[in-house]
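The values are calculated or read from the model by the stated rules, or taken from the named source; none is laboratory data. All figures in this text were calculated on a predicted structure; none of them were measured in a lab. Glycine gets a Cβ as well: all are built from the backbone with ideal geometry, and neighbour counts include every protein chain shown. SASA here: full protein model, heavy atoms, side chains in, ligands and nucleic acids out. Shrake-Rupley method; radii C 1.70, N 1.55, O 1.52, S 1.80 Å.
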Amino acid sequence: MKIPMRWLNEYTKIDLTPEEYARRMIMTGTAVEGWENTCSFTNVVVGKVLTCEMHPDSDHLHVCSVDVGASQPLQIVCGAPNVSAGKLVCCALEGAQLPGGVTIKKGKIRGVESCGMLCSGPELDVPDYVYPHCGNEGIILLNEDFAPGTPVQDVFGLGDDVIEYEILANRPDCLSVWGIARESAAVLNEHFVMPEISFTENGKGKFSDYAKVRVEDTENCPRYCARVITNVKIGPSPKWMKEYLYGAGVRSINNIVDITNFVMLETGHPMHAFDLSKVQGQTIIVRKAHDGEVLKTLDGKEHKLTQEMLVIADEAKATGLAGIMGGEESEIVSDTASVLFECAAFERGNNRVTARTLGIRTESSGRFEKGVCAATCMEALNRACMLVEMLGCGEIVPEAFDNYPAPLPEKVITASADRIRSRIGVDVPTEAMEDILLNLNIDTETDGDMLTCRPPVYRQDIEGEADLSEEVLRMYGYEHIASTLMTGVTMPGFRNEKQSFATDVKKCLVGMGYYEAQSFSFISPSWIDKLDLNADDNRLNLLKIRNPLGEDTSVMRTTLVPSMLNALALNMNRGNAAARLMEVSPVFLPKGEGELPEERQSLIIGMYGDKEDFYTLKQTVICMLARYGLTPDVKAGGDGYYHPGRKAELTLRGGNVLLGQMGEIHPVIAQKFELSGKAYIAEIDMVALKSCKLEVGAVKPLPKFPAVSRDLALVVGEDVPAGELMKCIEKAGGKLLEEITLFDVYRGERLGQNKKSLAFSLSFRSPDHTLTDTEISAAVDKVLSQTAKQYGANLR
């Protein structure tokens, strides 16, 4: 918020440089962003054109003799079409600095000496609403009678220092000139002089003769005040008002609109002026919008409203967004004859949500979002009427409308001076506390250690002893806080059991050559659709994010598969020949209606490359599970996004616990995720894994006796799973069978139809002696016998 220093000095004395003033305000808790001067030029004065003759070598240039208050007039060459003898102009003297870094120098223009420049509005960066001019069409012609040599900044009311403040949400009272003036007076130990608000109700009739007001939603509009102005004379605002508005960064429009903006800046109360001739039925209604109702605001944009939004309406339609922006149809125009001034308090939450939903941000909405004091609405409205009378732009109709069903009660706060000292850590005398609070217009009485305080109505932020403590400390001075070394004991961080287990799993996979991936938990719903899940699959019931960054991050994921496939596709398409990735993250599984989802930790492993296939993935999973003492049952099965012939389910405890699934991605799904080659993934339920893991036994000593290997090629039916056959061999081999490995699968005409040959390498060893041929043969015979009995296997 910007405020000219000259405006502040209307209400309190500030006899400091901007730099010192900013330092004092900052040290007492009012943030100052910076300051600037409204005049962006130097050495420009009023000049009177004595003579104006055509340039001897140009058809558009003029050679002028200009009186600038010096002993001799200056000769200046000017090309403006509106220059003529007798005119008062803005003359930049030699050495003048103009906006944009332009420096005026003496020189010759087509052979004629020129000792300065006659300036236009844009050349001095002076808007036409500060002083009327014709822009780039010609130079500024001054209409008033000024003495030559008068500094031009004095003519335009420029040269004031403008302070820019950053007002936080806890101090809405400071979003006004009065609020900052009150604060400045307290900081500088000066008096705040409130203007005496008075005016004459010189209009005919009474309020109800011209307008009716009906407030239907008092919850979102706790107070609504209105007055009628008749015989309105629309015209430009006086120079002093334009200067103040310009310094505050507000464009002057006309006297009535400028009054509403001036009062908003001065008092902190946004106002709106309705052209009563455009109000249907002469009735103002404060109500909720109808669902789908359309309103065209002053900026020319149409907005579709919802039934939660508060509007100002007449009997036919909505005419404005309450506390945000007025409607185009009730705009004040040059022939407006009667006006209704509105000054109200609107609920901050509803105002903020409406402004954000519609994408509208205005000076008015910014103030209502932080909170406008309902108790001072009528004061601001009366100030506007006073300005109407002062400017002579209308007649004030007797009586006002004021709907204030629940006035704010007076706050009475009791506080202990000792507790305040203890809280702030500074030994402030009780008498000093009382003086500070009184200086802040907080009515305070002292009785021993107890302070009884009555904050003014505009200090909505003061609610208890803690707030009083803050006021005392900031005004007493933060520099009184003693410097001390930081004390305390830092607590070392640690991982809980769940985190430790996840870290251990990741370390295990890193040891097998995998890299950890991290992806967002919120994804696009289209990613789930690409998996072609069954219609009744619970993973399709996605939790939607209420306020997403976009469609691609609008739901919480129920599976890690899409994130891993996108990561693999990214590596493939960036030219990486192979990749091994893994991620441990939660998935969000839906529960019942209105319940939060279950955040279930999961592991996903992904790989691709020339040396990777289903069996390398399987070996990774088997080795990882072995670390936790688990040997899973592997059987054909899995979701539809896996290849139908290269997928498997992993179970434990005889199939009672589903641990996960793995396999090659179906070619159709791979194409949807833009995978240019084969990819393999494994999904592991970390919760199930953690609940089933076993403690790994003690390390065994190295064997003392040699192992003996035997290779067996068994011919079985095509439908016999290799894993089931291996379990049979392992059981038949007994304690002597140390290791079994499948190293070849063969199919051919010689074996017969629907037959295959599975070649296994068997390693036998005894812990206490060297095995004999007889022992080995007996073990092999038992293996052959059992496989033949259970699966009809024949030795090839």
- Task: Can you tell me the relative contact order of the chain? Whole percent, Cα pairs under 8 Å, sequence separation 6 or more.
- Result: 8
- Query: Treating the beta-carbon of each Lys and Arg as +1 and of each Asp and Glu as -1, no other charges, what is the dipole magnitude of the chain about its Cα centre, to the nearest 20 debye?
  - Reply: 4360
- Message: Sort L702, L468 by heavy-atom solvent-accessible area, probe 1.4 angstrom, most to least.
- Response: L702, L468
- Message: List the trypsin sites (Lys or Arg not before Pro) within the stretch 649-685 that DSSP assigns to loop and that have no more than 12 neighbouring Cβ atoms inside 10 Å.
- Response: R653
- Query: Name the residues of the stretch 388-423 whose amide N is less than 18 Å from a point 7 angstrom out from the Cα of V457 along the C-beta direction?
  - Reply: 400-413
- Query: For K87, which lysines qualify as cross-link partners when the Cα separation must be under 26 Å and same-chain residues fewer than eight apart are set aside?
  - Reply: K48, K105, K106, K108, K239, K242
- Charge dipole (debye, nearest 20) of the stretch 1-154; +1 at Cβ of Lys and Arg, -1 at Cβ of Asp and Glu: 260
- Taking a probe of 1.4 Å, how large is the accessible area per residue of the chain, in Å²? 50
- Once you have the Cα-Cα distance between M27 and D532, take 0.36 nm times their residue separation minus that, and quote the gain in nm to one decimal. 175.5 nm
- Is the shape of the stretch 397-549 rounded, prolate or oblate, going by the alpha carbon gyration tensor and its root eigenvalues a ≥ b ≥ c, with a/c under 1.5 for rounded and a/b larger than b/c for prolate? oblate
- Message: 7 Å from Cα along Cα→Cβ at both H60 and D402: what's the point-to-point distance in nm?
- Response: 6.2
- May I ask which residue of M194, G157, M27 lies farthest towards the positive end of the charge dipole of the chain, with charges of +1 (Lys, Arg) and -1 (Asp, Glu) on Cβ and the Cα centre as origin? M27
- Angle, helix 255-267 long axis vs. longest principal axis of the chain, Cα atoms, 0 to 90°, nearest 10? 60
- Note on the structure: Per its Cα gyration tensor (rounded if a/c is under 1.5, else prolate when a/b beats b/c, else oblate), the stretch 708-795 is best filed as prolate
- Query: Could you sort D536, D402 by accessible area so the largest value comes first, with the probe set to 1.4 Å?
  - Reply: D536, D402
- Item | Nearest-10 value in Å² for the accessible area of E216, using the 1.4 Å probe | 110
- In degrees, nearest 10, range 0 to 90: what is the angle between the Cα axis of helix 773-791 and the longest Cα principal axis of the chain? 70
- Query: Just how large is the dipole of the stretch 203-242 about the Cα centre, in debye to the nearest 20, putting +1 at every Lys and Arg Cβ and -1 at every Asp and Glu Cβ?
  - Reply: 420
- Task: Roll a 1.4 angstrom probe over the protein heavy atoms and tell me the percent of accessible area of the chain that is carbon or sulfur.
- Result: 49
- Would you work out if the stretch 44-156 is rounded, prolate or oblate? Take a ≥ b ≥ c from the square roots of the eigenvalues of the alpha-carbon gyration tensor; rounded if a/c is under 1.5, else prolate when a/b is larger than b/c, oblate otherwise. rounded
- Note on the structure: Scoring the stretch 413-474 by relative contact order with C-alpha pairs under 8 Å, at least six apart, yields a percentage of 44
- Task: Work out the charge dipole of the chain with +1 on the Cβ of Lys and Arg and -1 on the Cβ of Asp and Glu about the Cα centre, then indicate which of A384, G655, S777 is farthest towards its positive end.
- Result: S777
- From most to least accessible, 1.4 Å probe, no ligand or DNA/RNA atoms counted, M25, M556, M486, M390 line up as M486, M390, M556, M25
- Between helix 430-439 and the chain: long-axis angle, C-alpha atoms, 0 to 90°, nearest 10: 70
- Message: Show me, for the stretch 230-242, the HN-Hα J-couplings you get by feeding each phi into the Karplus relation (A = 6.51, B = -1.76, C = 1.60, θ = phi - 60°), rounded to Hz, glycine and proline as x.
- Response: 10, 6, 5, 10, 6, x, x, 7, x, 4, 5, 6, 4
- Message: At 1.4 Å probe size, what's the solvent-accessible area of L542? Round to the nearest 10 Å².
- Response: 40
- Hits among lysines - C-alpha to C-alpha of K301 under 23 Å, sequence gap 8 or more where chains match: K278, K288, K317
- Sorting L61, V228, Q753 by the position of each Cα along the dipole of the chain (Lys, Arg +1; Asp, Glu -1; all at Cβ), the one nearest the positive end of that ordering is Q753
- Query: So which chymotrypsin sites (Phe, Trp or Tyr not before Pro) in the stretch 625-699 end up in coil per DSSP with only 15 or fewer other C-beta atoms within 10 Å?
  - Reply: none
- Item | Given (i) 0.97; (ii) 1.09; (iii) 1.53, the label whose value is Cα Rg over 2.2 N^0.38 Å derived from this model | (iii)
- Accessible area of H62, 1.4 Å probe, to the nearest 10 Å²? 30
- Message: Expected output is a single nm value to one decimal: the length gained when fully extending between E219 and E190, i.e. 0.36 nm times separation in residues minus the C-alpha distance. What is it?
- Response: 6.5 nm
